[in-house]
Amino acid sequence: MLRFGMIFLKLIFIFFLSSCTLDEPNEFYSPAAGFLQVFITSDDADTTINILGIDYSISESDSMDLLVYQGKAYDLDSNYAILYKSINSWRQEEYTYNIIDWKSIDGYSDFKIFESHLPPMQYKSLNIGIIASVLEIGPYRIPVSLPSDVEGVLAIPVDFIVSENSVTKITLSIKPFESMTRYQDSYVFDRVLEVKSIEYFNDDLNAQILAEGDLP
């Protein structure tokens, strides 16, 4: 009888252990990250600037340096995630783009300015440093700067979601010439910018980004 009781207790103990390992409690679940890509381009409708009474239209030889730095994404609780240039980046850096890089057939070029892992959740805004410095168009080379009372980091309200093993792509559109106002011998750059699109992609693009990140 005692032996039977011991066997019965062992069976109960084994059953208890197996039931503990069948399902992992929800609080121990750690969701996989998603990707956020941020692109910037110029508005194809903004192609002309008036300088000293003469209209100059964009050409393939023109340029305007746009410095991009310090990207952050803010969630609904105002916590932020730092954005990096690529998934292989280990620190934030500054990059300069010719924001009026123009092709007669395709219009303005677009540039991928950030590509980062982000926790899967809902977000409410981006903060990005955006500063223009020099405009070269026609015969002119013109200094460009922000208004004296404006900071370089721009807050951009935008509601978006990052999902597990998926990719969220945000494209920003800036009006390079409409943003500029002449002040003495230079131009002030007011950064007329909007969110052009928000796109969501499945795990195929996620896998492609990971594979490209593994390339030497």
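Only the coordinates and a few stated rules stand behind these numbers; no lab work does. Since we're looking at a predicted model, the values are computed, not measured. For neighbour counting, all protein chains shown are included, and Cβ atoms are generated from backbone atoms with ideal geometry for every residue, glycine included.
Derived scalar couplings between HN and Hα for segment 127-140 equal 10, 9, x, 9, 9, 9, 10, 9, 10, 10, 8, x, x, 9 Hz in order, rounded to whole Hz, by the Karplus curve 6.51 cos²θ - 1.76 cosθ + 1.60 (θ = phi - 60°), x for Gly and Pro. The ranking of 121, 64, 180 from fewest to most other beta carbons within 10 Å of each one's beta carbon is 121, 180, 64. Backbone N atoms of segment 131-149 closer than 14 Å to the 7 Å Cα→Cβ label point of residue 52 belong to residues 137-143. Amide H contacts of residue 43 (H built 1.01 Å from N, in plane; Pro and chain starts excluded): 174, 175 sit under 5 Å, all sequence-distant by 5 or more or on other chains. Oblate is the label for segment 94-161, because a/c, from the alpha-carbon gyration tensor with a ≥ b ≥ c as root eigenvalues, is 1.5 or above and a/b does not exceed b/c. Working from label points 7 Å from Cα in the Cα-to-Cβ sense, the residue 207 to residue 109 distance is 3.1 nm. For segment 31-213, DSSP calls about 85 percent of its internal beta bridges antiparallel. The slack between residue 141 and residue 96, meaning 0.36 nm per residue of separation minus the straight C-alpha distance, is 14.5 nm.
Taken along the Cα-to-beta-carbon direction at a fixed 7 Å, the label points for residue 45 and residue 67 span 3.1 nm.
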